[in-house]
1. Residue 233: net charge of surrounding residues, Cβ under 14 Å, Lys/Arg +1, Asp/Glu -1, itself excluded?
2. What residues qualify as long-range amide H neighbours of residue 196, i.e. H under 5 Å apart, gap of 5 or more or another chain, H built at 1.01 Å from N?
3. How large is ³J(HN,Hα), in whole Hz, for each residue of segment 556-567 in order, when computed from phi with the Karplus curve 6.51 cos²θ - 1.76 cosθ + 1.60 and θ = phi - 60°, using x for Gly and Pro?
4. What are the semi-axes of the equivalent ellipsoid of segment 86-226, taken as the square roots of 5 times the eigenvalues of the Cα gyration tensor, listed largest first and rounded to whole Å?
5. Quote to one decimal, in nm, the extra length available between residue 109 and residue 466 on full extension: 0.36 nm per residue of separation minus the C-alpha distance between them.
6. Once you order the gyration tensor axes a ≥ b ≥ c over the Cα atoms, which shape class does segment 387-495 get: rounded for a/c under 1.5, otherwise prolate or oblate by comparing a/b with b/c?
7. Got a sec? How would 493, 151 order by Cβ neighbour count within 10 Å, fewest to most?
8. At 0.36 nm per residue, and after removing the present C-alpha to C-alpha distance, how many nm does the segment from residue 565 to residue 449 gain when stretched out fully?
Amino acid sequence: MSIIHALSANSGRLVRLTFGPGGRQRPPARVTGKSKLAKARIMMLGGGLVVCYAAIFARLTYFDLEPKADTSSIPPDHVTAARPDIVDRNGELLATDIRTVSMFAEPNRVVDPDEAVEKIASVFPDIDRKSLYKKLADSRSHFAWLRRQLTPKQQSDILALGIPAIGFRPEVKRFYPGGRTAAHILGYVDIDNHGVAGMEKYLDMQGLSDLDSTGLTSRDTLEPVKLSVDLRVQNVVHDVVTNALDLYKGKAAGAVVLDIHTGEVLAMASAPDFDPNDPQATGSDGWLNRMSNGTFEMGSTFKTFSMAMAFDVGAVKMTDTFDASAPLHYGGFIIHDDHDVPRRWLTVPEIFRYSSNIGTAKMMDRVGMDNQKAYLTRFGLLSKLQTELPEVKMPTQPRVWKKINSITISFGHGVATTPLQTAVAGAALMDGGELIEPTFLPRTIEEAEKVETPIVKPGTSDIIRSLFKLNGEEGSGKPANVPGYHVGGKTGTANKVIHGVYSHKLSFNSFLGAFPIEHPKYVVLAFVDQPLTGEHNLTFATNTAAPMVRDIIKQAAPMLGVEPDFGTNVIASY
């Protein structure tokens, strides 16, 4: 049986034609009024459903195509401890992660942005209201950070306000218990706990940040990172350096303590500095680590290296004398000595003790420019220092070396190096002539012996050590002496270049010292930049940098286990 709908030829109404077996047509069924009403309702309902589905589809399409708000993605609920603890050589804590929370909003659910801004500002008066309102009023945004790393009290205060659509996410914050104490060694991290400077950046450079980005780091899997630094000595050095700014009214100051036999950095500080817990608070001037990332003309401390190369090539003997009775003239330049240097023939020890520019220049004349460049390169004073710390600056030197450059470089003008690499080269001359690149990680003597490089003969090292001892007993190094610890060394007072001209008032002062000088274990270098006063109201290195070394050794030597010797061989105190 089949059914066909057709229009009646007479009335135009819809009729149903039914055919039975054999094709016989049955009488058409008439559509009643009640059936018509039901049919109309069904059609209306179907049409309504179509319209609703079309509207939903259009809305979904709109949300998919609309521009996304410029906000961070919602962070995951689980936050890992991204960084290992950093400890000193004795296990004292230097840096660690602590748990904290950060506040976010879902702007599309914020009912009244103005009211929310007022409430939040009552807890954070320093917050940028315009920026906050812009975030909260963006109804298209589903997430926006409002404040990172809140204290428990701040979180409690916000919760008490009952602001809709405000939430908190767990995070970690890097904490430095010592504050500024080792700021330039440790460095700091950004808001997302990524290393920005110092050993924190070094850790990321070793692959820590890659592990963290894949979610493979946690507090349980990361062992503490031990540094070579001794926190006790670091406290001493930091105090002396920061005090020097006040005592001598200097622009900057710094110091380092090196283990001569291993190359380990036991302490290092540079001032001005910063608090790594809030690195933005002190401004950019404090971020510069002048010990490794600042270059300076080191002045007469460079005579140490000029003497070393002169002895090592056989150009000079301890018994030689040089005429320092009159200034030297080189192509329009005049080389002269300070007023307290005797105007006469000087022995080699006297040239070192009195710090004669004229005598040193004449010694370098015998060495020759090629040998000078070769030795300074061998000493590591013309190349970039190799160590873990990322902030290391390349030394500067003349593009073309001329005779006058060779002469002035011999007494510390014309080449600018970092104080740290000057200390490293000085340590090599105290340790039998073996150069060891510095490290901020623990290193044994056996490990150091595998990486050390000979730069001068052992006999040359012995001579330089004896000159250090002489200068500590009778020369400009006397103010660095600490009774019982036999300090020797060399001062350097370098006139600063101001607007392209050497100043006669402003100087860069440094002292390169070692102790106990008969069998040195440690090198200490200290500097103060542009001091306006000093001991006895004088601004030379002997009145500023040398006392800094004295104050460091006086406090740090017992901590380092150095036994004082008050025997007959004691260096006279100043």
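1. Value of the local net charge: -3.
2. Amide H neighbours of residue 196, under 5 Å, 5+ apart: 188, 189, 190, 201.
3. Once θ is set to phi - 60°, the couplings for segment 556-567 become 8, 4, x, 5, 8, x, 7, 7, x, 10, 10, x Hz.
4. Numbers: eigenvalues 245, 54, 35 Å².
Taking √(5λ) for each Cα gyration eigenvalue gives 35, 16, 13 Å.
5. Details: separation 357, 0.36 × 357 = 128.52 nm, distance 7.81 nm.
Working it through step by step, the gained length comes to 120.7 nm.
6. Verdict is oblate for segment 387-495.
7. Values: 493 24, 151 11.
Ranking 493, 151 by Cβ neighbours within 10 Å, fewest first, gives 151, 493.
8. Numbers: separation 116, 0.36 × 116 = 41.76 nm, distance 2.82 nm.
My answer for the length gained is 38.9 nm.
Since every read-out is calculated from the coordinates, none of them should be taken as a lab result. This structure is a prediction, so every number in the text was calculated from the model and none was measured. Note that we place each Cβ from the backbone using ideal geometry, even for glycine, and neighbour counts take in every protein chain shown.
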